[in-house]
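The values are calculated or read from the model by the stated rules, or taken from the named source; none is laboratory data. As the structure is a prediction and not an experimental result, all values here were calculated from the model. In this analysis, Cβ positions are derived from the backbone assuming ideal geometry, glycine residues included, and neighbour counts consider all displayed protein chains. Surface accessibility is based on the protein's heavy atoms, side chains included, excluding ligands, DNA and RNA. Shrake-Rupley method; radii C 1.70, N 1.55, O 1.52, S 1.80 Å.
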Amino acid sequence: MTNSGLLYEGKAKKMFETDDPNVLRVEYLDQVTALNGARKDITTGKAILNNQITAFIFEQFKQKNIQTHFIKKISKNEQLVEKLEIIPLEVVIRNSSAGSFAKRLAVLEGQPLEFPVLEFYYKDDSLNDPIINDDHVKILKIATEQEIATIKREGHIINQALITLFKEIGIRLIDFKVEFGRRKDGSILLADEITPDTCRLWDEKTNAHLDKDVYRKNIGEIVPVYQEVLDRLENTFY
Ligand code: ADP
Ligand code: TMP
């Protein structure tokens, strides 16, 4: 695969222009990072798994009328998506305490939260993606009040759809991160990816981590764990 048409090379994916100005080709990478890229490793097989998992979830969303950028998978590690203007927010929704929430607020890891907590992080590597509130989003002109409302509404709908999906395969959705983008007509839809890189997924019975925390916490290999998530999805829904 050449880098011709490369628009952006991120930590987990490369984004390429295509003949259609409204369509991007996404190439998933066998790279895993933590600490904003300060820790980096190659994990053969992750790209194929994440491409399949995110395609699977976005296909499911289509059936539930949740709009996403996903068009189609075109190879084991590539998919086509609608090109959007990404809103530079990491929208995190938490159903149980974990990660930075547990650390910052001293809430026991795994403690279920009374209601889903939605947080905004400003997607800016040079600032280390700081947590921000609605006023910050408005004052920095990241999104309008109306767009914030849409993002929150969609975020909670996505959360409910993911809770249900993962529950079917014996997995508890602890938290996850999504990104949204704008079409030229101003409509907002789900972009980027939903994979074990961007979610915390705990086995319902054992609490085993089936996500990137196995890498962050150095407690195992991620490829077999991501494969387990894909196998459960495919075995349950096909
Ligand atoms: P990072 O930028 O955090 O290293 P990735 O390696 O996942 O992340 O890179 C993918 C990049 O592509 C991200 O910056 C993401 O915001 C962007 N992106 C995702 N979906 C779209 C889309 N539909 N249109 C344009 N850009 C997108
Ligand atoms: P956090 O507890 O580290 O803030 O992470 C919350 C959720 O967001 C977790 O599921 C991992 C995901 N996430 C990303 O996908 N990308 C990121 O850069 C960060 C910080 C978190």
(message) Quick check on GLN111: is it open to solvent by 40 Å² or more (accessible area, probe 1.4 Å) and not acidic (Asp, Glu)?
(response) yes
(message) Give me the residue from region 14-37 that is open to solvent by 30 Å² or more (accessible area, probe 1.4 Å) and in contact with a Lys or Arg (Cβ under 6 Å, 6 or more places away or on another chain) and, out of that set, nearest to ligand 1 (Cβ to nearest atom).
(response) ASN22
(message) Can you tell me which residue is nearest to ligand 2 (Cβ to nearest atom) among those in region 89-108 that are β-branched (Val, Ile, Thr) and under 15 Å from the mean Cα position of the chain (by Cα)?
(response) VAL92
(request) Find all pairs meeting these conditions: Cβ atoms under 8 angstrom apart; at least six residues apart or on different chains; first residue within region 87-105 and within 16 Å of ligand 1 (Cβ to nearest atom) and part of a loop (DSSP other than H, G, I, E, B); second residue open to solvent by less than 20 Å² (accessible area, probe 1.4 Å) and charged (D, E, K, R). (result) ILE87/GLU179
(message) So, in region 130-146, exactly how many residues are open to solvent by 30 Å² or more (accessible area, probe 1.4 Å) and either within 16 Å of ligand 1 (Cβ to nearest atom) or touching a residue at least 12 places away in the same chain (Cβ under 8 Å) (or both)?
(response) 6
(message) Every residue in region 25-67 that is closer than 21 Å to ILE158 by Cβ, in a strand (DSSP E or B) and of a type outside the set (Val, Ile, Thr), please.
(response) TYR28
